[in-house]
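Read the structure below first, then the notes.
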Amino acid sequence: MEIINVYCDESCHLPKDHIDTMVIGAISCPLQQVKLVNKEIRNIKTKHGLNPFSEIKWTKISRNKISLYKELIDLFFSVDYLNFRAVVVKGKKYLDHSKYNQDYDDWYYKMYFYLLREIVRLGGHYAIYLDKKDTQGVKKVSLLRDILNRSLLDFAGETVRKIQIVESHEIELLQLTDLFIGAISYFNRELNTSIAKVEITNYLISVSKTSLNYSTPRKAEKFNIFVWTPRRD
């Protein structure tokens, strides 16, 4: 049966970064298409004068590489087997972990559950790759895998086959996830610090036909956004 790879990354996820917005996102791709897409991304890098194995990141966007990043966005939207979903957290300063008997890490992985529960489907098989957050995540991601499977009533654990922590510089599709969540975070934080980043963000809005700061319909599969805010009772 077909295996779907899911590549996850996050932006502004640190508990004391004094940034009120966090974005986590994921690109899903059938395993049989992964090599092809990674090759296409490397070809685009080469076309624009980069080492094909250099890392593309939101933080590296500059005016002389705008066409590179636009072409990467076009690549994603040109094929029907790549999908993206993001959870946009607004109001980190209002989090009250004591109220829910949790710590920041517990909450952080709850957000990952909200991200992934709309991606994984009973009857499918998934391998999920998370960009390395810290050295303490192995037990947490193992629990996340169990929770995702149990939420689907898959007690044999055959749906989510594995969740693995990886390094983003080694995986092109994870770098593409970084690009998307970077733009979403930039827009939701209402930043205007870079002409190049503003142009790339506006291009993503245009091509995706979304506003980036509101939830899309739940059934939207190609480019899906869920905005989450903490309760303020």
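Structure summary
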| read-out | value |
| --- | --- |
| Note, ³J(HN,Hα) from phi for the stretch 155-169, Karplus 6.51, -1.76, 1.60, rounded to Hz, x at Gly and Pro | 7, 8, x, 9, 7, 8, 6, 7, 10, 10, 8, 9, 9, 5, 5 |
| Exposure ranking of Thr59, Thr21 by accessible area [1.4 Å probe, largest first] | Thr59, Thr21 |
| For the chain, calculated [θ]222 nm from helices alone, where every DSSP H run of n ≥ 4 adds -39500 (n - 2.57) | -12500 deg cm²/dmol |
| Dipole in debye (nearest 20) - the stretch 117-233, about Cα centre, beta carbon charges: Lys, Arg +1; Asp, Glu -1 | 440 debye |
| Other-chain or far-sequence residues with amide H under 5 Å of Tyr129's (modelled H) | Val6, Tyr7, Cys8, Gln164 |
| Solvent-accessible heavy-atom area per residue, rounded to whole Å², over the chain at 1.4 Å | 51 Å² |
| Packing-based ranking, highest mean first, of 118-128, 150-160 given that Cβ atoms within 10 Å are counted | 118-128, 150-160 |
| Euclidean distance of C-alpha centroids, the stretch 209-228 and the stretch 1-80, integer Å | 18 Å |
| Which of Glu199, Glu221 is most accessible, then next, and so on - probe 1.4 Å | Glu221, Glu199 |
| Prolate/oblate/rounded label for the stretch 120-191 (Cα gyration tensor, a/c 1.5) | prolate |
| Solvent accessible area, Å² - Phe113, 1.4 Å probe, full protein context | 40 Å² |
| Surface/4 of the Cα convex hull for the stretch 1-140, nm² | 10.6 nm² |
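The values are calculated or read from the model by the stated rules, or taken from the named source; none is laboratory data. In this text, all values refer to a predicted model and were calculated from it rather than measured experimentally. Cβ sites come from the backbone with ideal geometry, for glycine too, and all protein chains shown count toward neighbours. Just the protein is used for accessible areas: all its heavy atoms, side chains included, with ligands, DNA and RNA removed. Shrake-Rupley method; radii C 1.70, N 1.55, O 1.52, S 1.80 Å.
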